[in-house]
1. Which three lengths, in whole Å and largest first, does the stretch 1-57 cover when its Cα atoms are put on their principal axes?
2. Over the chain, what is the percentage of antiparallel beta bridges among all DSSP beta bridges, to the nearest 5?
3. Taking only the alpha-carbon atoms of the stretch 154-265, what semi-axes of the equivalent ellipsoid follow from 5 times the gyration tensor eigenvalues under a square root, in whole Å, largest first?
4. Does the stretch 232-305 come out rounded, prolate or oblate, given a ≥ b ≥ c as the square roots of the eigenvalues of its C-alpha gyration tensor, rounded meaning a/c under 1.5 and, failing that, prolate meaning a/b above b/c?
5. With θ taken as phi - 60° and the coefficients 6.51, -1.76 and 1.60, list the Karplus ³J(HN,Hα) couplings across the stretch 111-121 in order, rounded to whole Hz; mark glycine and proline as x.
6. Need the full-extension length gain, V72 to S161, defined as separation in residues times 0.36 nm minus the C-alpha distance. One decimal, nm.
7. Please identify the longest segment of the chain free of exposed GluC sites (Glu not before Pro), where exposed means a DSSP state other than H, G, I, E or B and no more than 15 other Cβ atoms within 10 Å.
8. Quick one: which residues, 5 or more positions from K162 or on another chain, have an amide H under 5 Å from its amide H? H modelled 1.01 Å from N in the peptide plane, none for Pro or chain starts.
Amino acid sequence: MTKRVQEILSWYEAQPKAVRTNLQRILEHGRLGGTGRLVILPVDQGVEHGPDRSFAANPAGYDPLYHFKLAVEAGCSAHAAPLGALEMGAHLYADKIPLILKANGSEGLSKTSDAFSTLFATVDDAVRLGCAAIGYTIYPGSALSPQMYQILRDLIAEARSKGLVSVVWAYPRGSGLPSKEAETAIDIVSYAAHLSCQLGAHIVKVKLPSSHVALEVNQKVYEKYQIPISTLTERVKHVVQCAFNGQRIVIFSGGEAKDEQAVLEEIKAVRDGGGFGSIIGRNSFQRPWDDAVGFLGKVMAIYEK
């Protein structure tokens, strides 16, 4: 075990040994194993956005096994997917790469007055499939967030009792936010990361924050204490600071598919800001195989520096 992994695990001493063992497995797997950095391949976009918006750009992606193979070939730290996709390949790949069962999802056909994500799978499913972790999305700012927090509380408690790491996708969204722009505002993203840690998350996934400060009460605080947020690196650093002063693993999403160089510049900012890594879906699997493997290799090369 490297000193960096040992240091990170020391932040989780209150967790059962089996949880720390699975967390260690994730931290030591793949090309970045032992560095304290992670690159995770998530493929839950078929649920969130539909199969065609997700996979038509690279039709090989309609096959769940393609994503297992990509994650392994590229040397990813873990692969995250919903129940059905993991059932297609867990028996072949659970011993080749740590798997994260994405337990809930928000499909794009239903319209609700506020954001909510339905539970699609259980902790027992994750255990049955040999997963190292279970994942759950929360929507801070939604009128339905209290129900999601209660579900997450019970899910984390059960996962902990069965030795699984808990990964929380924290996406601010809903009627409690003052605007659409607030979903990625620095004060809101930082709040969501902190809230996830308080709910018991071992790994937190958030979107990259903008320099916008959404809440007036927070604007005064940012001005009074001159919290630096002008660059993406500074904003990443602040989000990590809000996650128990950097003592919880915070990773950042790649978002919608974009120009390769733009993504790589964002990755550099995450690295320089002390972020623990990236969770990159559409920006990788929507590319042809060779391009996807090469792109993920470039991402990992940045984190290795």
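What follows is calculated from the coordinates using simple rules that are stated; it is not laboratory data. Remember, predicted model here, so these are calculated numbers, not experimental data. With ideal geometry, Cβ positions are generated from the backbone for all residues, glycine too; neighbour counts draw on all protein chains shown.
1. Result, largest extent first: 43, 24, 14 Å.
2. So the antiparallel bridges amount to about 5 percent of the total.
3. On the way: eigenvalues 119, 63, 40 Å².
Square roots of five times the eigenvalues give 24, 18, 14 Å.
4. prolate
5. 10, 10, 5, 8, 5, 8, 10, 7, 6, 9, 8
6. Numbers: separation 89, 0.36 × 89 = 32.04 nm, distance 2.83 nm.
Extending this stretch completely gives an extra 29.2 nm.
7. 108-255
8. none
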